[in-house]
Structure formats: structure tokens, C-alpha cells
1. Tell me, which residue of the range B:278-305 that is among the aromatic types (Phe, Trp, Tyr) and in a helix (DSSP H, G or I) is nearest to A:Ile163 (Cα to Cα)?
2. Can you tell me which residues in the range A:234-270 are among the basic types (Lys, Arg) and out of contact with any Asp or Glu (no Cβ under 7 Å at 6 or more places or on another chain)?
3. If you check every pair at least six apart or on different chains, which have Cβ atoms under 6 Å apart with a residue in the range A:186-209 that is over 11 Å from A:Leu229 (Cβ atoms) and at pLDDT below 85 first and a residue that is of a type in the set (D, E, K, R) and not in a helix (DSSP H, G or I) second?
4. Here is a list of conditions, (1) outside any helix (DSSP H, G or I); (2) within 30 Å of A:Glu33 (Cα to Cα); (3) polar (S, T, N, Q), and A:Ser133 meets all of them except one; can you say which number that is?
5. Going by what's in this entry, would A:Ile97 be described as within 18 Å of A:Ile233 (Cβ to Cβ), surrounded by 15 or more Cβ atoms within 10 Å (Cβ to Cβ) and hydrophobic (A, V, I, L, M, F, W, C)?
6. Considering every residue within the range A:93-111, establish whether at least one is touching a residue at least 60 places away in the same chain (Cβ under 8 Å), of a type in the set (S, T, N, Q) and within 21 Å of B:Asn209 (Cα to Cα).
7. Mind checking which residues of the range A:30-73 are among the aromatic types (Phe, Trp, Tyr) and either more than 18 Å from the chain's Cα centre (by Cα) or surrounded by fewer than 23 Cβ atoms within 10 Å (Cβ to Cβ) (or both)?
8. Please specify each residue of the range A:168-207 satisfying the condition of being within 13 Å of chain B (Cβ to nearest Cβ), in a helix (DSSP H, G or I), small (Gly, Ala, Ser) and touching a helix residue (DSSP H, G or I) at 6+ places or on another chain (Cβ under 7 Å).
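The values are calculated or read from the model by the stated rules, or taken from the named source; none is laboratory data. It should be emphasised that the depicted structure is a prediction, and the values quoted were computed from it without experimental measurement. Cβ placement follows ideal geometry from the backbone for every residue including glycine, while neighbour counts extend to all protein chains displayed.
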Amino acid sequence: MEQNKEKTMTASTKEKVAAKPLGKPLDRYVFIENVDMEFRSKKGVFKALENINLNIQQGEFVSIIGHSGCGKSTVLNLIAGLTQPTKGNLFCAGREIARPGPDRAVVFQNHSLLPWLTCFENVYLAVERVFGSETKVNLDVRTHAALDLVGLSHAAEKRPNEISGGMKQRVGIARALAMEPKVLLLDEPFGALDALTRANLQDELAKIIEKSGCTAVMVTHDVDEAVLLSDRIVMMTNGPSATIGEILTVDIPKPRNRLQLAEDKHYNHLRSEVLRFLYERHAKKAA
Amino acid sequence: MNVVPIHQEILESSKEDTKPAKLQMVKTKAEVTKSTQILPIAQSGFTWGEKSKEIMRQLIPPVIGLLLLLAVWSLIAAQAQGLPGPISTFKAAVVLFSDPFYINGPNDQGIGWNIVSSLQRVALGFGLAAMVGIPLGFMIGRFEFLNRMTAPIISLLRPVSPLAWLPIGLLVFKAANPAAIWVIFISAIWPMIINTAVGVSKVPQDYMNVAKVLNLNEWKILTKILIPSTLPYVLTGVRLSIGVAWLVIVAAEMLTGGVGIGFWVWDEWNNLVVEHIIIAIFVVGIVGLLLEQFLIAIAKRFSYE
């Protein structure tokens, strides 16, 4: 694991942390500092986020959970660089986040595959962009490896409308992972899937992340998903002016087994902690 | 009903002995073949009836409509003086189409030549309009500044009647043929510009987010996202444009003269051969319909959903 993490570091980050002992995961790998986010609309200024501070370690899996409309996707978009904060700063691997970049790959909620390209071409588009200097053969190998990782080699030549929702989402994950990102950003990645497919993909994702050792930030509204996958769960208060209410550390060793955990007292305790936050302290009135 | 108990017996006995198991296999095979034999016949008979019914359902309304048109036409022709009915028009058409490609001097050519020269003008004017209009539409859709810059010009010029452009064409080109092509160009360009621009602005934000996250360059965005995603809109624009072009050519040729279906209509009016005018109306309609169908076929070919 530790060695894997070393590999994902680029030269620039290595220089910056040269003073730190090697092998120790980097602190402040993703760092959000006093971030406010306002949206201007016809009705006036809407303050979505207020005073967000978050420090994510390298290799950590962090979930952001909250009621719909609390701005959790906005946090992810800020890390992705798709939107710029009104106030405050965001850093990734010591660099300020100014724009989207392939070091922060995003798995979108609705898979966002291009329907006119095959699965292979969809992944290849990302691979080509990041590793464009390599030979065509190498790019092909990388693309096939990514599809293989999510178990979709057989569907490489199919178009997105020819495969199931779960498979589409897996292609989305393959596209993100093929870029070998420093940080994997997942925006409700399994929200549109049925419960069984979701469970399967969660287990697969856990394995893949374990293998690659990359840092991950996932937005979710599924309590079980958050507890099962995360090292820490960031719980957000309701908007407007949403902020981080509490951060829960999930100290269950990995790999985790869904079935064993169902009976596990500590797991259920953590789960009820999140539920209590969401439905007691920060319950959302029905619209 | 009988099969089930036998089956059960065999199943039970097959646990003890292998011979009955074989028997069971045979039995089930027979069953399968029986059912597969029956099913296709029933199915094909079913679909055949369904198919012919479906064809009838598709055919009957348009046929009734056309018959009604002919009836109304005959009625009016019987009342009005000088207006030929369907039968005399059909007879004239037979004569006309028996020799479509004769040339008796510049002003007396067969119907085929007239159609061909009109189509040539449309192809040229429309082709030029597509070459200018589609890229322009892409740029207007992609760059907000350009959109705002061109919006007043487009709103000002688009509603202008196509023929109002003819004098300008005659003045600039000093010849009838380029002036007619110019009129086609200027009237066919708007639907392509507008539809392409709308298509580009309607590209789902998700795809643009993908482009941003992947940091695609402008060329990749154009070829991998904008063009495929906008293609249906572009083809709608093309379809509207070719419709407009074909509409306008008749009017333009009436004014410019030469060889062409529009001028032919005017010529036949001067000769008072009303049958030929009616034939021309049908010809214009049918050619327009064929152009439209051709483009719909292309559009279907490129739809990815």
C-alpha cells in the first residue's frame, strides 16, 4: 500500500515533502480553507457554502453526506475545479486548484459517457489526453487495462446505449481511473442504480481504490455506502450557508465485508451516528 | 395435463435408475419440438395478418386524402372556365414526360432540363449557404460574444422576403443566374445558422464538464463533443434550408428567366397552357418531397440514440 502511494506522487510533490519521512501519507493532500460559495441568480445572491474547512490525507477515502440541496456536490465541483469559490482557497497536492485537471478525475452521477463513442473510445479519449506522448499501442494497452479493471473488456466495442446502467457507471469509473489521477472525485456515483447493482459496484470500487491507493472524495446520500467505503464521513448541515457539521472517523479495518458488518456492533453504532446527525440534529423539513 | 404426472414419475424413478432418465430426455425433447413446431406457425400467421393490417392502416388515410383532392379539383375544374381537370392534365403529362430532354432553343426545352437546371441552382446556392452557415452557426453557438454580436444582424435580415434580395444580386453580379443563386443562398442560410447555433448551445452540460475535466483542447471538443452532439440540430437546419431553397427557386426563376421550372411555369402562363402549370405544381411538390425524404434518411443514418 505505502509503496503504491509513493508511486502516485509526482516529482513536484516529492520535492515539497522531501523533509517529511518517506512512506508516510501526505497531510493536506486535498486542502479546503475557509471556502465560501455564492451563486448569483435573478432573485439575488444565494450563499450555498459558508466557511468550509477540510483536510484530506493522501490515500484517504472521504465521503460527503447531507440532505439534497446542502451543497455537497458544490464542494466536489470546487475540488474538481469546475467552479471557483467566492472566498477561500483549495489545494491539491500542494498546488492551488485553479481549473479542472486530469490529476482530479471525476466520476459523474449520470455516467456522462459520450453516446456516439464506444466504451473503448470513451476511455481512450481520457487516456489520450493524459498520456498523449506515449505510443498508440501503449494508449490501447492502458485503455484495455482500465476496462479490464472494472470487468468490462467484453463490452469495449459497445456503445453506452447498448449496455446497462451499472455497466455505464463502471465505464465512467474506468475512464476516471485510466487517467491515474491523484484524486478520484465521485459525485453520487451509484445514485441512479438499483440496490443490488449498487452493492456490487461498491464492493468493486472498494477493491479498486484499495489496489490503486488513490485518494477519493465521494458525495453520497446513502448512509450505508458512506460507512462501508469511507475512512471519514463529512456530514454537512442544511443549506443555505451550509457548512461542515461533524466529521466521523470510520475506524473499521479494510477490506470490509458487507455481510459481516451487518452484524457488527461498532459498524451499526457509526451508522446510527450518521443517521442521528441527518434525521435528528439536522433534519430537513419535507418540501 | 397428462405430461406432468408422467414427468414426476420419471423424475422420481430416474434417481434410482439411469434408463428412465434417458426416456425422460426423449420425452422432453419431443415436447420441445412439438411446442417449437406449433409456435412459429402460429406466430408467423399472426404477424402476417398483423402486417397486412398495419400496411392497410398506413395506406388507407393518405389514399383517401389524395382521392379527395382529385375530387375537389375535378369539381372546381367543372365549374371554372379554362381550368383543366385531372384527366386532361394527366393526358398532357403523358405527352410532356414522353420526351423530357428535348432542346428547341434556349427558351424551349424539355421538362427534364428545366428540373435539372433548377436543381443545379438550388444545389449551388444551398451548398454555399451550408458552407458558410454551418461553421458560422458553430462559432455563434460556441462563443457568447459572437452570439451577441450577430444576434441583431440575424434578427434584422432573417425576416426579409427572399425576393427582396434579387435586385441586389442583379446589381452586384450583373447576370440573372448568379443573382438567382444568390437569392437561394441568402434565404437558405438562416435556418442553418440558427439551428446549428441552438444545437451547440444545447450540448448537455455533462458533456462539457467531461471536456473540462479531461482538459480537452478546442479541436477535440469540436470533433468529439460539439459536432456529434449538434449533428441532429444541423440536419434539421439543413432540412428546413433545402425546403426554403426549393420554395424560393420557383419565384426567383420567374423573375430571372432562362431555363428552370419557375421560368417554365411563367412561360406556360404566357402560352396559356394551364395543364402544364398544374403539372409544374405537382413536379415542384414531388421534387421537394423527395429532397426532404432524402435528408430525413441521412438524418436517421446519423442518429446515435
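1. If we take residues in the range B:278-305 being among the aromatic types (Phe, Trp, Tyr) and in a helix (DSSP H, G or I), then B:Phe294 is nearest to A:Ile163 (Cα to Cα).
2. The first filter runs over the range A:234-270 and keeps only residues among the basic types (Lys, Arg), leaving A:254, A:256, A:258, A:265.
Listed by number, the residues that qualify are A:Arg256, A:Lys265.
3. Taking only residues 6 or more apart or on different chains, not a single pair turns up.
4. It fails just one condition, (2).
5. Working: within 18 Å of A:Ile233 (Cβ to Cβ): no; surrounded by 15 or more Cβ atoms within 10 Å (Cβ to Cβ): yes; hydrophobic (A, V, I, L, M, F, W, C): yes.
Criteria not met by A:Ile97.
6. Checking the range A:93-111: at least one residue is touching a residue at least 60 places away in the same chain (Cβ under 8 Å), of a type in the set (S, T, N, Q) and within 21 Å of B:Asn209 (Cα to Cα).
7. A:Phe31, A:Phe39, A:Phe46
8. Correct list: A:Ala178 only.
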